[in-house]
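What follows is a short report on a single structure.
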Amino acid sequence: MPTETTTPTEKQAAPLITRARLRGLAATGLIILSVVTAFLYLGGWFAPGALTPARFVDGLERAGGMHSGFRRNHAKGVAVSGFFESNGQGMRLSKALIFRTGRIPVIGRFSLSGAAPSVADAPDTVRGLGLLFRLPDGEEWRTAMVNLPVFPVKGPQGFYDLTLASAPDPQTHKPDPQKMEAFLARHPETARAFKIFQSHPPSSGFENSTFNSLMAFRFVNASGVWIPVRWSMVPVQPFAAATPAAAAPGNKNYLFDALIVSIHRHPLQWHLMITIGQPGDVTNDANIPWPVGREQVDAGTLTLDSVESEETSPARDINFDPAVLPAGIEPSDDLLLSARSAVYSESFRRRAGETKESSAITPSEVRQ
Ligand code: HEM
C-alpha cells in the first residue's frame, strides 16, 4: 500500500489538492464565513433596524454627547477600594467562594448616570456603584447596581427609546416634554416605575444610598440546587433625605465631595443583602418588584476605606460587566443581562482607544 512519502505516486499524477487539504480549506472557509457573518450581524446588516450594541452606543452618544475616553453611560465617577468580609451565611445559598467566611479585596466606582462626565450633581440623578470582587481562586464577580427600586423599563429597546426620549433638547437643554409623553404612552411600565420612584426618595448622598442589582440572577449551591435572587448593598450609614439646598449652584460636585470627606473621616460600610425569590416571582423583568417580605440573607459587609480620582485608579479601565460571574452565580432568564454585557463592551472598546480627557473629580479634589 503506497504511502504519501514514496515516489511511485508521482507517476500516478498525484491529485492537485489532497482530500485532507481540501477539508482543511473548507474548515478555514467556514470559520472566515462565520466570523464575517458575526460581524455583519453585530453590525446590523441582516436586520438594518436591529438594536445592535454599536447602534445602542451611538444612541447614548447622540443623547449625551461624545466625551473622549469616558464611559458612554455613568461617565462621571470616582474610584474606591476596600474589602468584603463574608459572614458565611451565603454559603447555604451559593457555592461561590465569596460566601466562604473571610475577607476579599474589592475595587469599585461610584458614578452618576448619563454620558456627560462633568454634569452637575443633582439629588435625583441615578447613582451607580460598580464593584469587582477578586476571589481567592482568581475568579471575579463584577456587579453594577443603582439606587433605584426598579428599572424604568423592561428590556433593551425600551431603555434605548427612553435614552433618546429623555435626551436634553439642544435649544432648551431640557428633555422635550412631548417626546417624553409619547414615550410614556407607549411604555406604561415606565409610568408605573416613576410612581414607585416617588415613594423611594433619594438619600442625601452616595454614602447612605442603597444600591440594587434590580435584575434577578441564580444562586447555585454545592448540591447544584438553584434559587432566584436579587441583591442589594444596604448602607450602615443612616438614611437622611436629600435636601435641594445641597445642590446649590457653584457646587457641581457636592455629592462626590461629601463622599470623599466621609471616607476620609471613617471607612464606609454596606451589608450585602440577598433577597430570595419565590416560585412565580418574575425573574426576566427588572421593572417588576418582588412582593415585600421575601426572605433576606445578610451575606457579609462591604467596607470602602479608600477613595481615588479615576484618573489615577485602575477602576477607570475596568468594565463592570454584570455578566462576569463566579461559579455559584448564574444569569437568570432576563435578556437585559446579555444586552448590557454587549453594550458595556462596545462602550469600553470605544473609550479604551481614545485619549482621556481629565475627570471632573480630580486627584486634588480627592486630596482635600
Ligand atoms: C439595556 C440596559 C442598559 C444599558 C444599555 C446600559 C449601558 C451602560 C453603559 C454603556 C455603561 C458604561 C460601560 C463602560 O464603558 O464601562 C454603563 C455603566 C453602568 N451601568 Fe448600565 N446599562 C443598562 C442597564 C443597567 C442596569 C439595569 C443597571 C443597574 C441595575 C446599570 C448600572 C450601571 C452602572 C452602575 C454603571 C457604571 C459602572 C462603572 O462605574 O463603570 N445599568 N451602563
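The values are calculated or read from the model by the stated rules, or taken from the named source; none is laboratory data. Here the structure is a predicted model, which is why all the values come from computation and not from measurement. No Cβ is skipped: glycine too gets one built from the backbone with ideal geometry, and neighbour counts run over all protein chains shown. The protein model used for the area step is the full one, side chains on, heavy atoms only, and it has no ligands, DNA or RNA in it. Shrake-Rupley method; radii C 1.70, N 1.55, O 1.52, S 1.80 Å.
Condition check: assigned to a strand (DSSP E or B), touching a residue at least 40 places away in the same chain (Cβ under 8 Å) and open to solvent by 10 Å² or more (accessible area, probe 1.4 Å). Does E311 satisfy that? Considered against the rule, which asks whether it is assigned to a strand (DSSP E or B), touching a residue at least 40 places away in the same chain (Cβ under 8 Å) and open to solvent by 10 Å² or more (accessible area, probe 1.4 Å), E311 comes out as no. Scanning the range 98-110 for residues that are of a type outside the set (A, V, I, L, M), away from the ligand (no atom under 12 Å from the Cβ) and surrounded by 23 or more Cβ atoms within 10 Å (Cβ to Cβ) yields a single hit, F99. Beta carbons closer than 8 Å, at least 6 apart along the sequence or on distinct chains, pair a first residue in the range 59-81 that is among the charged types (D, E, K, R) with a second that is near the ligand (Cβ under 8 Å from one of its atoms) and assigned to a strand (DSSP E or B) for R71/G77; R71/S111; K76/S111. The residue list S68, S118, S113 contains one member that is open to solvent by 20 Å² or more (accessible area, probe 1.4 Å), within 16 Å of R340 (Cα to Cα) and either near the ligand (Cβ under 9 Å from one of its atoms) or among the polar types (S, T, N, Q) (or both), which is S113.
Here the condition is being out of contact with any Lys or Arg (no Cβ under 9 Å at 6 or more places or on another chain), outside any helix (DSSP H, G or I), in contact (Cβ under 8 Å) with a residue 24 or more places away in the chain and over 17 Å from G128 (Cβ atoms); of T283, T301, it holds for T301 alone.
Given the criteria under 20 Å from the mean Cα position of the chain (by Cα) and crowded, with 17+ Cβ neighbours inside 10 Å, does P326 qualify? The answer is yes for P326.
Every residue, every condition in (1) buried (at least 20 other Cβ atoms within 10 Å of the Cβ); (2) farther than 29 Å from T101 by Cβ, yes or no:
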{"site": "V307", "(1), (2)": "yes, no"}
{"site": "P322", "(1), (2)": "yes, no"}
{"site": "E330", "(1), (2)": "no, no"}
{"site": "K356", "(1), (2)": "no, yes"}
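Counting the residues of the range 335-359 that are in a loop (DSSP other than H, G, I, E, B) and either among the hydrophobic types (A, V, I, L, M, F, W, C) or near the ligand (Cβ under 9 Å from one of its atoms) (or both) gives 1. Listed by first and then second residue, the pairs linking a residue in the range 206-231 that is farther than 22 Å from G155 by Cβ and of a type in the set (S, T, Y) to a residue that is within 12 Å of the ligand (Cβ to nearest atom) and open to solvent by 30 Å² or more (accessible area, probe 1.4 Å), with Cβ atoms under 7 Å apart and 6 or more places separating them unless they lie on different chains, are S209/N147; T210/N147.
For the range 175-190, which positions are open to solvent by 40 Å² or more (accessible area, probe 1.4 Å) and under 27 Å from T283 (Cβ atoms)? L184, R186, P188 - these are the residues of the range 175-190 that are open to solvent by 40 Å² or more (accessible area, probe 1.4 Å) and under 27 Å from T283 (Cβ atoms).
Within the range 314-334, the residues that satisfy the criterion of being in a loop (DSSP other than H, G, I, E, B) and within 16 Å of the ligand (Cβ to nearest atom) are I318, N319, F320, D321, P322, A323, V324, L325, S332, D333, D334. Among the residues of the range 158-174, is there at least one that is in contact with a strand residue (DSSP E or B) (Cβ under 6 Å, 6 or more places away or on another chain), closer than 28 Å to I329 by Cα and either open to solvent by less than 20 Å² (accessible area, probe 1.4 Å) or hydroxyl-bearing (S, T, Y) (or both)? No. So, E140, is that one surrounded by fewer than 19 Cβ atoms within 10 Å (Cβ to Cβ) and either under 19 Å from the mean Cα position of the chain (by Cα) or closer than 23 Å to S203 by Cβ (or both) or not? Criteria met by E140. Residues that are within 16 Å of the ligand (Cβ to nearest atom) and touching a His at 6+ places or on another chain (Cβ under 8 Å) number at least 1 in the following helices (runs of 4 or more DSSP H) confined to the range 139-244: 156-165. Under the condition of being away from the ligand (no atom under 16 Å from the Cβ) and among the small types (G, A, S), the residues counted in the range 71-97 number 5.
The residue that is nearest to the ligand (Cβ to nearest atom), among those in the range 289-305 that are more than 28 Å from D137 (Cβ to Cβ) and open to solvent by 50 Å² or more (accessible area, probe 1.4 Å), is P289. Would you say F256 is open to solvent by less than 30 Å² (accessible area, probe 1.4 Å), in a loop (DSSP other than H, G, I, E, B), at pLDDT 95 or above and of a type in the set (A, V, I, L, M, F, W, C)? No; evaluated as a whole, the condition is false for this residue.
As a summary of the residue check, P279 satisfies the conditions (1) more than 30 Å from V366 (Cα to Cα); (2) over 18 Å from the mean Cα position of the chain (by Cα); (3) within 16 Å of the ligand (Cβ to nearest atom) except for the one numbered (3).
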